Amino acid sequence: MKLNKKNNCSIFLTAGYPQLNSAPKLVEELENAGIDFIELGIPFSDPLADGPVIQETSTIALNNGMTIDVLFEQVAEIKMNSALPIVLMGYFNPIYTYGVEKFLKQCKALGVDGLIIPDLEIDIYEFEYKALFETYDIPLIFLITTATPVDRIRRVEKMSKAFIYLVSSSATTGAKASFSKGQIQAFERIKALNLKVPIMVGFGIHNNETYRTVCNLFDGAIIGTAYLKSIANKVSTKAFVADIIG
Amino acid sequence: MDLIKPLQSLKVRIMLIKVCGLSEESEITELANSGIDMLGFIFHKASRRNLNYDEAKGAFIRNLACEKVGVFVNEEFDYILQTGFYFSLTHVQLHGNESPGMVQALSRYFKVIKAFSIHSKFDFRVCDLYPSADLLLFDTKGDLAGGNGTQFDWKLLDSYQGDIPFLLSGGIGKNDVKAIKEMNHPFFEGIDVNSKFEIEPSRKNIPEIKTFMEELNKSISKTRKGYYGEFGGAYIPELLYNPVQELETAFERIKTNEEFKSKFKHLLRDYVGRPTPLYFSNKLSEKHDATIFLKREDLNHTGAHKINNTIGQILLAKEMGKTNIIAETGAGQHGVATATVCALMGLDCTVFMGTVDMERQKPNVQRMKMLGAKVVPAESGSKTLKDATNEAIRYWINNPSTFYVIGSVVGPHPYPEMVAHFQSVISEEMRFQLQEKTQKMNPDIIVACVGGGSNAAGAFYHYLEEDAVALYCVEAAGLGIDSGKSAATSHLGTVGIIHGSKSLVMQTDNGQIIEPHSISAGLDYPGIGPLHAHLIKSGRAKSIAVTDAEAIKAGLDLTRIEGIIPALESAHALAALDKIELKNKTVVVNLSGRGDKDLETYLTKLNLAENEIE
């Protein structure tokens, strides 16, 4: 998956929200608004790392009838009309139940560019699934935090093929504040590691200020909760993206 | 009485296996592919297994992707360094009288294993001089430096008090599986095998090594850290990696710590009121033509077994310097037990509880508030235990310095093991109480209810390896197993991941967790602890489902015949007695809690029944 040199902007949306078939249209809008790649969230009944907004959109998406098979149909549709890289993000249980190999095979066939599975812990991935991911050549994108030990970050660096997802702070998704001095210092410590893999920052990016801050240090930002809220508030995608990118 | 005993058959560790003295390329390839953790090469001219190499073999070894250990005996620093770089070794093992300085210097380049020859007069304090070693290796003292193929008395290891993990070495062969399995030293990391698996020096008997590994894997149900068979593990978001790691390290330290054990024991005795009685129920025995005992966990302070675990975990939290405690609760018993111990120890306490449960277990909500805890309603999903657990985990992610006291044998490793460990006092007591009352330590049958399964884990713990003791997990069938309103996880569940561990989970075909139903808030959970999933799947334990109505009836019956009002959870275990062949058997039912919290539910049903009669 190819990223720009800098200022990559990625949007997360829950597949199946607000309507079951919203994703293809939203992706088109996002592409027109200048977004660099998309994260499509596979809704789960018990999203442990997510705040209230993504919990809510997940529940609505599930009630709308979203499943992995439906999602794959939508990905196929999106891929026909768009060159934007698509990363799928979902908790491990639905993927495990679907069948990890079957899932990876489908991803490969559809040209999915990467996967984010927040609760597939690194050791478990390495022990049980790494070989399978490599067979199907689907990069797994790992999360790190500013508190992740350096040797663990180095392990992640070695295993990462697309980018590393840096979680901005110790919080579930949707935290809304500016970055503190301590957070910026922690970012700088990660920056100083000079990782060979691009770093995208997510969790808590909700306006131009937070977007700018992380883009100045890293390769780009991922926005989720703020975008989902803007959908609920009937803000147009174009206006939302213009506001964030500035 | 030893209140804390490590769980033998379900040891939580990766058993590291090193095969030493290799030379043949075909053997090395085969071992590297069969899951051996470390391959050992000997660089000691006096050894019959000294590695004779040429450039081709050098390149071959360099290209191996596994952990490679070079064994040296009193060699010069430069020689070790050069050899290590030449073969790109990951570890060097020092088997002579190398100094601590040497170990430290080499540890800048490699992981270092320092070997010691153990004999009856060996002073283990010597090991403390080598803090930079990554691993120690305990071998037998003999005539030859670097391994003699004989065993030392492994009991001597009890005197090793250090905290560097060690490998056991010296004459380990295929007949040692049982002894290895029984090793319960907290820093026992794995084994090193060599001469007992050889056809001739440095020619290994590969099939025999493989069989040995299989045997070892079979007898130790968990070869991977935190697994019970295929279940368990720590499926956690990276945000929880540090807190879980910190907890695991702390738990490993206190598990065998005498001071901790003694504090725990004293609180259980003087504060909780343990041991709880093992009460012979004449009426139940007559009814079932059996010898039936009730293990009276309902007589614990706060009215259930839950406090055994909260005392243990909150003592641990204190040790770790934590000041904020959080917990999830279903029936409220774990919440009350957590709030109680927090009050005792002066810690802040926040309890997450589903709003449905807050309604049906009101007295416990009031108790928690009175004890000074903050009760946070969980409004998502089914608004019961599952959702309370979600909220607690989310809070933990947002406040990683908090100590999360999980109330059942669920959650990411080390929780299932830790909770079982603290609850194991139940079966510890049962053993001597049964001995006293029946002249036998073992009953024929143990029956316990299972939501997540903490009281069952405690009641089964010391009997897990006694195959003659039949274990029954009683689950809540709600309105009936197939009614769509049930919490009978082992009947309805499939393998999945819930709250950080792999277990049996009630879920849709699409992997969405199903909202369970049970009249008992403590059993109203769509998962089951990984230990129980393993016990049930492997056939060691049987599972029985009991409906809401059957449980209510059994609870009311016990109230009238014995004057004991059981918790609705425990009433499920009692109801199961009608479904098991009990004739002439000695049976223990774990009466996990008292029913005061359930009066409203009981009375509603009782009034309904009485109205029907009128």
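The values are calculated or read from the model by the stated rules, or taken from the named source; none is laboratory data. Only a predicted model underlies this, so the values are computations on that prediction, with no experimental measurement involved. Here the Cβ is made from the backbone with ideal geometry for all residues, glycine too, and neighbour counts use every protein chain on show. The accessibility values were calculated without ligands, DNA or RNA, using every heavy atom of the protein model including side chains. Shrake-Rupley method; radii C 1.70, N 1.55, O 1.52, S 1.80 Å.
Kindly establish whether A:Gly16 is within 14 Å of chain B (Cβ to nearest Cβ), at positive phi, surrounded by fewer than 24 Cβ atoms within 10 Å (Cβ to Cβ) and out of contact with any Asp or Glu (no Cβ under 6 Å at 6 or more places or on another chain). Here the answer is no, as A:Gly16 does not meet what is asked.
A quick yes/no check of all residues on (1) crowded, with 17+ Cβ neighbours inside 10 Å; (2) touching a helix residue (DSSP H, G or I) at 6+ places or on another chain (Cβ under 6 Å); (3) of a type outside the set (Phe, Trp, Tyr):
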| site | (1), (2), (3) |
| --- | --- |
| B:Thr276 | yes, yes, yes |
| B:Ser285 | no, no, yes |
| B:Ala290 | yes, no, yes |
| B:Glu297 | yes, no, yes |
| B:Thr338 | yes, yes, yes |
| B:Cys342 | yes, no, yes |
| B:Met358 | yes, yes, yes |
| B:Arg367 | yes, yes, yes |
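Just one of (1) assigned to a loop (DSSP other than H, G, I, E, B); (2) under 22 Å from A:Leu195 (Cβ atoms); (3) open to solvent by less than 50 Å² (accessible area, probe 1.4 Å) fails for A:Asp137. It is (3).
Looking across the range B:312-336, the residues that are among the hydrophobic types (A, V, I, L, M, F, W, C), under 16 Å from B:Lys263 (Cα atoms) and crowded, with 24+ Cβ neighbours inside 10 Å come down to B:Ile314, B:Ala317. Checking the stated criteria, A:Glu121 turns out not to satisfy the condition of being more than 21 Å from A:Tyr165 (Cα to Cα) and either at the interface with chain B (Cβ under 8 Å from one of its Cβ atoms) or of a type outside the set (A, V, I, L, M) (or both).
A search for C-beta distances below 6 Å between a residue of the range B:5-24 that is in a loop (DSSP other than H, G, I, E, B) and open to solvent by 10 Å² or more (accessible area, probe 1.4 Å) and any residue that is among the hydrophobic types (A, V, I, L, M, F, W, C) and modelled with pLDDT of 75 or more, counting only pairs 6+ apart in sequence or on different chains, returns B:Ser9/B:Leu464; B:Ser23/B:Leu51.
For the range A:145-157, a residue qualifies if it is touching a Leu at 6+ places or on another chain (Cβ under 7 Å) and within 12 Å of chain B (Cβ to nearest Cβ), and the qualifying residues are A:Thr145, A:Ile153.
Being open to solvent by less than 40 Å² (accessible area, probe 1.4 Å), under 16 Å from B:Lys18 (Cα atoms) and aromatic (Phe, Trp, Tyr) holds for only one residue in B:Phe116, B:Phe138, B:Phe124, B:Phe87, and it is B:Phe138. Of the residues making up the range B:326-351, those that are in contact with a strand residue (DSSP E or B) (Cβ under 7 Å, 6 or more places away or on another chain) and either free of Cβ contacts under 8 Å to residues at least 12 places away in the same chain or over 19 Å from B:His305 (Cα atoms) (or both) are B:Leu347, B:Asp348, B:Cys349, B:Thr350. One residue alone among A:Ser160, A:Ser180 is without any contact (Cβ under 8 Å) to a residue 24 or more places away in the chain, open to solvent by 10 Å² or more (accessible area, probe 1.4 Å) and more than 10 Å from chain B (Cβ to nearest Cβ), and that residue is A:Ser180. Residues in the range B:175-190 that are at pLDDT below 80 and under 17 Å from B:Glu214 (Cβ atoms): B:Lys181 alone.
For the range A:38-53, the count of residues that are within 14 Å of chain B (Cβ to nearest Cβ), within 30 Å of B:Pro400 (Cα to Cα) and in a helix (DSSP H, G or I) is nonzero. The set of residues in the range B:496-531 being over 21 Å from B:Gln423 (Cα atoms), among the aliphatic types (A, V, I, L, M) and more than 8 Å from chain A (Cβ to nearest Cβ) consists of B:Leu504, B:Met506, B:Ile514, B:Ile519. Scanning the range A:94-111 for residues being within 14 Å of chain B (Cβ to nearest Cβ) and either touching a residue at least 60 places away in the same chain (Cβ under 8 Å) or touching an Asp or Glu at 6+ places or on another chain (Cβ under 8 Å) (or both) gives a total of 1. Put simply, of B:Asp444, B:Asp387 the only residue that is among the acidic types (Asp, Glu) and within 14 Å of chain A (Cβ to nearest Cβ) is B:Asp387.
Looking across B:His413, B:His421, B:His462, one residue alone is surrounded by 20 or more Cβ atoms within 10 Å (Cβ to Cβ) and at pLDDT below 95. It is B:His462. For the range B:581-605, the set of residues classified as touching a Gly at 6+ places or on another chain (Cβ under 8 Å), closer than 21 Å to B:Lys287 by Cβ and surrounded by fewer than 21 Cβ atoms within 10 Å (Cβ to Cβ) consists of B:Tyr602 only. Residues in the range B:210-252 that are more than 10 Å from every other protein chain (Cβ to nearest Cβ), farther than 29 Å from B:Ile536 by Cβ and modelled with pLDDT of 90 or more: B:Glu246, B:Thr249, B:Ala250. Of the residues making up the range B:553-573, those that are open to solvent by less than 10 Å² (accessible area, probe 1.4 Å) and in a helix (DSSP H, G or I) are B:Gly555, B:Leu558, B:Leu568, B:Ser570, B:Ala571, B:His572, B:Ala573.
Each residue in the range A:207-246 was checked for being of a type outside the set (Val, Ile, Thr), open to solvent by 10 Å² or more (accessible area, probe 1.4 Å) and touching a strand residue (DSSP E or B) at 6+ places or on another chain (Cβ under 7 Å), and 3 of them qualify. In the condition set (1) within 12 Å of another protein chain (Cβ to nearest Cβ); (2) open to solvent by 40 Å² or more (accessible area, probe 1.4 Å); (3) over 18 Å from B:Tyr241 (Cα atoms), A:Ser170 is compliant with all but (3).
If you filter the range A:55-91 down to residues that are under 18 Å from B:Ile236 (Cα atoms) and either open to solvent by 10 Å² or more (accessible area, probe 1.4 Å) or out of contact with any helix residue (DSSP H, G or I) (no Cβ under 9 Å at 6 or more places or on another chain) (or both), you find that the one that is nearest to the other protein chains (Cβ to nearest Cβ) is A:Gln55. In the range A:190-204 there is at least one residue matching the filter, namely being charged (D, E, K, R) and not in a loop (DSSP other than H, G, I, E, B). Can you tell me which residues in the range B:390-426 are among the hydrophobic types (A, V, I, L, M, F, W, C) and more than 22 Å from the chain's Cα centre (by Cα)? B:Ile397 - this is the single residue of the range B:390-426 that is among the hydrophobic types (A, V, I, L, M, F, W, C) and more than 22 Å from the chain's Cα centre (by Cα).
State yes or no: is B:Ser543 of a type outside the set (Val, Ile, Thr), under 25 Å from B:Ala571 (Cβ atoms) and in a loop (DSSP other than H, G, I, E, B)? So B:Ser543 does not fit the description; no. The set of residues in the range B:369-384 that are open to solvent by less than 50 Å² (accessible area, probe 1.4 Å), more than 11 Å from B:Ile325 (Cβ to Cβ) and more than 14 Å from every other protein chain (Cβ to nearest Cβ) contains only B:Val375.
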